[in-house]
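In what follows, a single structure is set out as structure tokens and then discussed.
The values are calculated or read from the model by the stated rules, or taken from the named source; none is laboratory data. No experiment lies behind these values; they were computed from the predicted model shown. Please note: Cβ atoms are built from the backbone with ideal geometry, for glycine as well, and neighbour counts cover all protein chains shown. Accessible surface areas use protein heavy atoms only, side chains included; no ligands, DNA or RNA. Shrake-Rupley method; radii C 1.70, N 1.55, O 1.52, S 1.80 Å.
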Amino acid sequence: HRAVEAIRSSSKPLIVAGGGVLMSEAWGALDKFVTQTGIPVAETQAGKGSLPWDHSQSVGAIGATGTLAANRLAREADLVIGIGTRYSDFTSASMTAFQNPHVRFVNINTAEFDAYKVAALPVVADARVALEQLTSWLSAHRVSKEYAAEIADLKSNWEAEVDRLFHLNNPGRPAQSEVIGAI
């Protein structure tokens, strides 16, 4: 229950969803948990698709090729909840992504080694089972209105920038972002 208390006492929590979310088919449990709590979700490359890209709590990829929204939230997070992630250098920008001097970690992972990484409160468990239990235990918990507004603002600004980059209108010489957008 230390993990529950850590979540309740945090003011800027962030979930890092890794491949373990997909391996345990926990996308529905993750959706329910973050819709209920308002906690934003950043994805690792292996965790892509943990939530639909347009989910209100999805802030996109984190780390070296991450979104501005995910990386800004990571920088200021006071609690990082890793779900099925190994915190690779690519994902964590060699652990420089998390700049808050008081940041704590809760790691949900079936691999004990990964659950204990970064001096975390370890939860050695299947992602789906752990998320279902957390949803029950935190039924009345929600992030603050101020943090929810910050998340929404960062997400909106990032989506506007992506839209701008997908539609640069360079006739005959499309930019890389336009090609990616077309695909």
Discussion item. If I fit a long axis through the Cα atoms of helix 127-137 and take the longest principal axis of the Cα atoms of the chain, what angle between them do I get, 0 to 90°, rounded to 10?
Written reply: 70
Discussion item. Going by amide H atoms built from the backbone, whose H comes under 5 Å of the H on Leu121, apart from near neighbours?
Written reply: Phe105, Val106, Asn107
Worksheet item: In the calculated pair distance distribution of segment 83-141, what percentage of Cα-Cα distances lie above 12 Å?
Response: 69
Worksheet entry | Cα centre as origin, Lys/Arg/Asp/Glu Cβ charges: the chain dipole, Debye | 240
Worksheet entry | Inter-site label distance for Ser11 and Ser94 at 7 Å from Cα along Cβ, in nm | 3.1
Item to complete: Would you be so kind as to identify which of Ser56, Ala148, Val21 lies farthest towards the positive end of the dipole of segment 16-154, taking Lys and Arg as +1 and Asp and Glu as -1 on Cβ and the Cα centre as origin?
Response: Ala148
Item to complete: Report the label-to-label distance for Glu132 and Asn170 in nanometres (one decimal), using points 7 Å from each Cα along the Cα→Cβ vector.
Response: 4.9
Discussion item. For segment 89-183, which GluC sites (Glu not before Pro) pass both filters: DSSP loop (anything but H, G, I, E, B) and at most 12 other C-beta atoms within 10 Å?
Written reply: none
Worksheet, complete the sentence: Quarter of the surface of the C-alpha convex hull for segment 1-127, i.e. direction-averaged projected area in nm², equals 6.5
Discussion item. Helix 145-166 against the longest principal axis of the chain: what's the angle in degrees, Cα atoms only, rounded to the nearest 10?
Written reply: 30
Practice prompt. Find, among the GluC sites (Glu not before Pro) in segment 1-96, those assigned to loop by DSSP (not H, G, I, E, B) with at most 12 other beta-carbon atoms within 10 angstrom.
Written response: Glu25
Worksheet entry | Within the chain, helix-based [θ] at 222 nm, where runs of 4 or more DSSP H residues each add -39,500 (n - 2.57), nearest 500 | -12500 deg cm²/dmol
Item to complete: Output the relative contact order of segment 27-170, whole-number percent, from Cα pairs under 8 angstrom with separation of 6+ residues.
Response: 23
Worksheet item: Which percent of the accessible heavy-atom area of segment 1-157 goes to carbon and sulfur, probe 1.4 angstrom?
Response: 54
Worksheet item: Amide H neighbours of Ala61 under 5 Å, counting only residues 5+ apart in sequence or on other chains, H built in-plane at 1.01 Å?
Response: Glu43, Thr67
Response to the item:
Loop-resident chymotrypsin sites (Phe, Trp or Tyr not before Pro) in segment 1-61 with no more than 16 other Cβ atoms inside 10 Å, DSSP not H/G/I/E/B, are Trp53
Item to complete: Name the residue farthest towards the positive end of the dipole of the chain from the options Gly47, Ser136, Ile7, assuming +1 on Cβ of Lys and Arg, -1 on Cβ of Asp and Glu, about the Cα centre.
Response: Ile7
Worksheet entry | the chain, accessible area per residue, ligands and nucleic acids excluded (1.4 Å, Å²) | 52
